[in-house]
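Data block below; observations after.
The values are calculated or read from the model by the stated rules, or taken from the named source; none is laboratory data. The shown structure was predicted, so the numbers you read here are calculated from the model rather than taken from an experiment. Every residue, glycine as well, gets a Cβ built from its backbone with ideal geometry; the counts of neighbours run over all protein chains shown.
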Amino acid sequence: MHISKLLRIASLAALTAASLNSLQAHPASAAAPLGYSIRTVAPCRLIDTRITRTPIPAGGSISVPVTGKCGILKGAVGAVLSLTATGPVTNTWVTIRPTGIGGTSTLNLAAGSTRSAQAFTTLNPVDGTVTISSLATTDVVVAVSAAFVADTAATAARRIVTTAATRILDTRSTAKPQAGSTTRVSQF
């Protein structure tokens, strides 16, 4: 498996764990559920600002409803989203996060380019939205492919059990991988 795929899997797992762990401490949450199950849906576009002609303005944000759209049930606590950013006027970062909660960049891209990333994110527990922010004016396309829902005793066999977020590899502090090489991460 290539290092980029391993890093992507590890970072998505860490983000998911951190996001779902934060739900348990959120005041809007009821008693802690048994765990969370992932429920897939056919990939479905939530927003495309190229079509609406409303790019995210420089330093601005947009709120995107997730629950109640594309087969995502109200009460979902997290989602698997595909974020594509295109045509920023300058180099930029784009972040996708629960509405009302801070976050770090989900995607970094150069002026005029198009890039995409997959994000596992917590949804705002009050209204089921996410916020997308950008440093520079840019268009975004967001699609959903799955949601995390709280387990009941009947669905506990499929549950996802979260752990604290842990960095399992950081090539800034280890030898940088060489082109064509493989780095194995054996414990995490």
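What strands (runs of 3 or more DSSP E) completely inside segment 71-169 contain at least 1 residues that are farther than 25 Å from A42 by Cβ and modelled with pLDDT of 90 or more?
92-98, 107-109, 129-134
Output the residues belonging to segment 104-124 that are touching a strand residue (DSSP E or B) at 6+ places or on another chain (Cβ under 8 Å) and either within 18 Å of C70 (Cα to Cα) or without any contact (Cβ under 8 Å) to a residue 24 or more places away in the chain (or both).
Correct list: T104, S105, T106, N108, Q118, A119, F120, T121, T122, L123, N124.
When you scan segment 72-100, how many residues do you find that are exposed (fewer than 15 other Cβ atoms within 10 Å of the Cβ) and either in contact with a Pro (Cβ under 6 Å, 6 or more places away or on another chain) or farther than 18 Å from D48 by Cα (or both)?
6
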